[in-house]
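Structure, as structure tokens:
Bear in mind that the values in this text are calculations on the coordinates, not laboratory data. Values in this document were obtained by computation on a predicted structure and should not be read as measured data. With ideal geometry, Cβ positions are generated from the backbone for all residues, glycine too; neighbour counts draw on all protein chains shown.
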Amino acid sequence: MAVGANENISKIPPSYLFRDIGNKVLEFTKNNPDKAANLIRLGIGDATLPLASCIVEAGKALLDEMSTEEGFAGYVDEAGISDVRQAVSETIYNGKVAADHIFISTGSKEDSGSIGDVFSTDTPVYVTDPVYPVYVNTNIMYGRSNIRLMECNAENNFMPAIPESTESSLIWLCNPNNPTGQTMTTAELTAWIDYANKTGSIILYDAAYKSYIRDPELTTNIFDIDGAQDCVIEFQSFSKSHSFTGVRVAWVAFGDGVKIINSKGEESKVRDIWNGRQAYRTNGVSRPLQAMALKALSEEGMKSSREQTDYYLENAKIIREGFTKLGMDYIGGDNSPYIWVKTPKGMSSWEWFDYLLENCAVVCTPGAGFGGCGEGYFRLSAFGKKENVIEAMNRISGLSL
Ligand code: PLP
């Protein structure tokens, strides 16, 4: 006798991507200790620059305060978290999303994985291929089987086509995109918003890399676009903007008019349903993290974010220039820390991964790991030290491709 399993969880396709990469790198380092000493990892999308000292000081000061009787406080109260919500509202959205429509969390991964709680399981879900795998696999865990892939390839410039269906659906858009580094123009986003409003769909907008947008023609606040309030739920994070991958603060922002309907035909604001859900799922983000997030949103914190993202974008530029010189096809890297590159000589993603590791001691991410349309591509990440990026591109340039 045993408790029954949630069989949806066993339907998740086993993801071997980062495990396989890890194993291959391990084997390489064992067999080639001299080359391994100079291994350069440009595969993973993890921040590498240290936290800004002003942010660290803010966290330390809060912890010090909590070590005193007067300063101690336990469960996070609404007042503390309100400050962060207010700061996000003002600094990120220019007040276009009200503070009480912003929910602070410890990561966009968990937010984007959990949002499925509030939607019916028979709702169609559109995701791109290639894709950040969280959108797909968490929906499988919920038992959603109506997951529709929007192919992104060289023919459509890695831009998903708007579906012809008139059904109300959930649509995942990641902009700037992980893994392709592609960005959508304001006109393209407007077309999606119009489609969503016409069909009663909701856009789940992952803007984890928004702080990398430099092109003034691109939208940095989707809520500036007419109609976004009625169909957009945005996910954002300090992970890649302020080196918070090891600290963990993020948020979800709800358009005021985003609604769902129950089987009795009653409509509710998704914001209200999420508010109720959060009350039972979490006691919030710790006080030191709140203090750090508040500092991250201050003028000083935003300046440090700009400097850090500028640094990674400079790396991305070095990578792009290297591939341009080699005559290799790529996109991304101009408003994003990712560069999506076509493998040379028709190699598969994994053949190229092995070739690059063996010949250059450089680690990339095989595109096939992000979906079928990723086959024949690889992703390089601009996170890392500039000198390593220069060295990696020098080694790649020396290959006879
Ligand atoms: N969304 C995208 C597209 C990502 O690439 C990542 C992390 O790599 C996340 C969300 C996760 O962000 P967080 O660190 O806030 O969980």
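Stokes-Einstein at 10 °C, 1.306 mPa s, Kirkwood radius from Cα pairs: D for region 248-373 in µm² s⁻¹? The partial results should precede the final answer.
On the way: Rh = 19.3 Å.
Taking Rh from Cα pairs, D becomes 82 µm²/s.
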Next on the checklist: Within 10 Å of each candidate Cβ there may be at most 16 other Cβ atoms; applying that plus a DSSP loop requirement, which trypsin sites (Lys or Arg not before Pro) in region 316-401 survive?
Outcome noted: Lys385
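Can you give the extra length, in nm with one decimal, that the chain gains between Lys325 and Arg277 once fully stretched, where that is 0.36 nm per residue apart less the Cα-Cα distance?
12.1 nm
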Checklist entry - Given H placed on each backbone N at 1.01 Å, which residues far from Gly257 in sequence or on other chains put an amide H within less than 5 Å of it? => result Asp230
Item to check | Sites Ile162 and Ala36, calculated FRET efficiency, Cβ-Cβ separation with R0 51 Å, nearest 0.05 | outcome: 0.65
Checklist entry - Zone of Leu399 (label point 7 Å along Cα→Cβ, backbone N under 16 Å): which residues in region 293-337? => result 319-331
Checklist entry - With each pseudo-label sitting 7 Å past Cα toward Cβ, what's the Asn153-Ile390 distance in nm, one decimal? => result 4.0
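At most 16 other Cβ atoms within 10 Å and a DSSP loop assignment: could you name the trypsin sites (Lys or Arg not before Pro) in region 176-279 that fit?
Numbers: sites: Lys198, Lys210, Arg214, Lys240, Arg248, Lys259, Lys264, Lys269, Arg271, Arg277; in loops: Arg214, Lys240, Arg248, Lys264.
Loop-located and lightly packed - Arg214, Lys264.
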Item to check | Long-range Cα-Cα pairs in region 21-154 (distance over 24 Å), rounded percent | outcome: 62
Checklist entry - Non-local amide H neighbours of Tyr377 (under 5 Å, H modeled in plane, Pro and chain starts lacking H): which ones? => result Thr343, Ser349, Gly367, Ala368
Checklist entry - When the Kirkwood hydrodynamic radius is evaluated over all pairs of different C-alpha atoms of region 152-219, what value in angstrom, to one decimal, is obtained? => result 12.7
Item to check | Förster radius 51 Å - calculated FRET efficiency between Lys11 and Ser67, Cβ distance, rounded to 0.05 | outcome: 0.60
Checklist outcome for this item: Fraction of alpha-carbon pairs in region 315-380 farther than 19 Å apart, rounded to whole percent, equals 26
Checklist entry - What angle do you read, to the nearest 10 degrees and between 0 and 90, between the alpha-carbon axis of helix 349-360 and the longest principal axis of the chain? => result 60
Checklist outcome for this item: In degrees rounded to 10, the 0-90 angle between helix 78-93 Cα long axis and the longest Cα principal axis of the chain is 60
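Tell me the chymotrypsin sites (Phe, Trp or Tyr not before Pro) within region 66-110 that lie in a loop according to DSSP and have at most 12 other beta-carbon atoms within 10 Å.
Values: sites: Phe72, Tyr75, Tyr93, Phe103; in loops: Phe72, Tyr75.
Sparse-neighbourhood loop chymotrypsin sites (Phe, Trp or Tyr not before Pro): Phe72, Tyr75.
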Checklist outcome for this item: The residues Ile104, Ile213, sorted from fewest to most surrounding Cβ atoms within 10 Å, come out as Ile213, Ile104
Next on the checklist: P(r) for region 228-268, please, calculated from all Cα pair distances in 10 Å bins and given in %.
Outcome noted: 27, 31, 25, 14, 3
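Taking the Cβ-Cβ separation of Arg214 and Ala2 as r and a Förster radius of 41 Å, what is the calculated FRET efficiency to the nearest 0.05? Intermediate values should be presented prior to the final figure.
Numbers: r = 55 Å, r/R0 = 1.34.
That gives a FRET efficiency of 0.15.
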Next on the checklist: Please compute the length gained on full extension between Ala191 and Thr29, using 0.36 nm multiplied by the number of residues separating them and subtracting their Cα-Cα distance.
Outcome noted: 53.5 nm
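Where both residues lie in the chain, what percent of DSSP beta bridges are antiparallel, nearest 5?
Working: 22 of 40 bridges.
About 55 percent, rounded to the nearest 5.
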Item to check | C-alpha long axis of helix 270-281 to longest principal axis of the chain, angle in ° | outcome: 90
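To one decimal place, what Kirkwood hydrodynamic radius in Å is obtained for the chain from all pairs of distinct Cα atoms?
Details: mean 1/r = 0.0447 Å⁻¹.
Taking every pair of different Cα atoms in the chain, averaging 1/r and inverting gives 22.4 Å.
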Checklist outcome for this item: For region 190-305 (alpha-carbon point model, no solvent) the Debye-based log₁₀ I(q)/I(0) at q = 0.12, 0.20 Å⁻¹ works out to -0.54, -1.18
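Using a 10 angstrom Cβ neighbour count of at most 15 plus a DSSP loop assignment to flag exposed GluC sites (Glu not before Pro), which longest range of the chain is free of such sites?
Numbers: sites that count: Glu7, Glu69, Glu70, Glu164, Glu167, Glu217, Glu266.
The segment 267-401 is the longest one with no such site.
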Item to check | region 79-173: Cα Rg divided by the 2.2 N^0.38 Å rule of thumb | outcome: 1.31
